[in-house]
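Reading through the structure tokens given below for one structure.
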Amino acid sequence: GDGDFNRIPLSNEIVLKGHTKVVSALAVDHSGSRVLSGSYDYTVRMYDFQGMNSKLQSFRQLEPFEGHQVRSLSWSPTSDKFLCVTGSAQAKIYDRDGLTLGEFIKGDMYIRDLKNTKGHISGLTGGEWNPKSKETILTSSEDGSLRIWDVNDFKSQKQVIKPKLPRPARIPVTACAWDHVGKRIVGGIGDGSIQLWSIKAGWGSRPDIHIEKGHIDDITGLKFSTDGLILLSRSMDSTLKQLVFTGTSVERDGNSGGLICFFDRRKLELVSRVGISPTLSVIRCAWHPKINQVLATVGDKKEGGTHVLYDPSISQRGALVCVARAPRKKSVDDFEVQPVIHNPHALPLFRDQPTRKRQREKALKDPLKSHKPELPVTGPGFGGRVGTTKGSLLTQYLLKQGGMLKETWMEEDPREAILKYADAAAKDPKFIAPAYAATQPEPVFEKSDSEEEK
């Protein structure tokens, strides 16, 4: 009913960051605890709401196929594995923790008939795990075919489906999907048509339903309704056919940013619209029923992120778990042992041997090794010599100048010299004395012999 629309969780938002380009693929596992995001930066990032604090960092980053954009991600029905589709011809299967289980074979591009190749021969455009069979996945490709695979056999697909075309040609299949019971597949074809096949005994490539002019541009997304009665399609031609909610792109001359729009499925009326980003387009979105949170991916050539919308009053777990887990503030009482750093190259044993040339230059600079004679003194003074007397040492020079350096020690009584400071020390104690002033006994100096004799 209409009351449903008040239940859209929109009051709060977090953003899962990390990608450096647009986030093009999104998958949330069935429990709503793990999020996969794939990007045009060639990587997949794995986020875990349970294990994440409010810094929202991914726990693992994968690069499925070097130099290929990530196009689609999909969890198996039991969420123990996921499918990763990139712009390469080979889809990959990973386990729940991101370890590679295998990649499907690439077909022989010199075989004319796609039915005879063992796999796709050019870039993939989409892929989805059968929601009811943990062995079966579906992929679509620029080579003009859809294929069904068994995940236990990476060497060849089980079925090749070639869409119906007005004349023989290789027209890419731009999107694909399963229905919710895993009994029908649908493909969005580059000629704007949407074709649907039911999987039953003896079925072939002839579609059961063929909507010829579905869209006038590439179909970017297909989805069945939960009850299987409605098929939704989304296209670059900016139209939605039978849509419940979708993301929008930033228009070149438009004045709105990337949005999520929610429509009433019976009347196809806009019910609610949410601005996600002022400057970035929304690419993928998902509304997860279990945690009741809406996820939307955004980005451009320089950045990408996944926005998670939730409402503390009606959403469960998911983002709520990690937002509560703010990182602990540092305390003044924190203590951490600084590790001892051993730098092996600082030891003479590992040091690079200096080259012969460097050794020679060094030896030339060393006056002993080079047997260099002392240079004559010139100028006002140099090297401990003072120039006025051409070669006399500083002390001799000062004595000669007359009374600049008094030799007083010969005339002075050593005892007098020490006692000279006793008065000063008593009146104005500077360093150690004040600390002991209260406890220290009075200093008593020995009387001079001559005084006693008197």
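What to note about this one:
- Only one residue of 261, 33, 125 has its Cα farthest out toward the positive end of the dipole of the stretch 12-324, where Lys and Arg carry +1 and Asp and Glu -1 on Cβ, and that residue is 125.
- Fraction of alpha-carbon pairs over 33 Å apart in the stretch 12-324 - percent: 20
- Here residue 365 is the anchor, and the aspartates and glutamates within straight C-alpha reach of less than 16 Å, apart from those fewer than 8 places off in the same chain, are 374.
- Extension gain from residue 236 to residue 301, taking 0.36 nm per residue of separation minus the Cα-Cα distance: 21.5 nm
- Annotation: aspartates and glutamates with alpha-carbon distance below 17 angstrom to residue 118 (same-chain offsets under eight excluded): 103, 108, 142, 143, 150, 153.
- Rough spin-label spacing in nm, given labels placed 7 Å along Cα→Cβ, for residue 437 and residue 181: 9.9
- Dipole in debye (nearest 20) - the stretch 79-194, about Cα centre, beta carbon charges: Lys, Arg +1; Asp, Glu -1: 420
- Inter-label distance, nm, simple model (7 Å from Cα along the C-beta direction), residue 341/residue 59: 3.1
- Extension gain, residue 359 back to residue 101 (0.36 nm per residue minus Cα-Cα distance, nm): 87.2 nm
- Computed from the C-beta positions of residue 374 and residue 420, the FRET efficiency with R₀ = 45 Å rounds to 0.55.
- Surface/4 estimate of mean projected area, convex hull on alpha-carbon atoms of the stretch 100-179, nm²: 5.5
- The listed peptides 281-293, 47-59, 24-36, ordered by packing as a protection proxy, come out as 24-36, 281-293, 47-59 (highest mean of other Cβ atoms within 10 Å first).
- Highest mean first, the peptides 192-198, 136-142 sorted by other C-beta atoms within 10 Å per residue fall in the order 136-142, 192-198.
- Rough spin-label spacing in nm, given labels placed 7 Å along Cα→Cβ, for residue 156 and residue 227: 4.3
- Whole-Å distance, taken between Cα centres, linking the stretch 115-179 and the stretch 66-107: 14
No lab work stands behind these numbers, since they all come straight from the coordinates. Please read these numbers as outputs of a predicted model, since none were measured by experiment. Glycine gets a Cβ as well: all are built from the backbone with ideal geometry, and neighbour counts include every protein chain shown.
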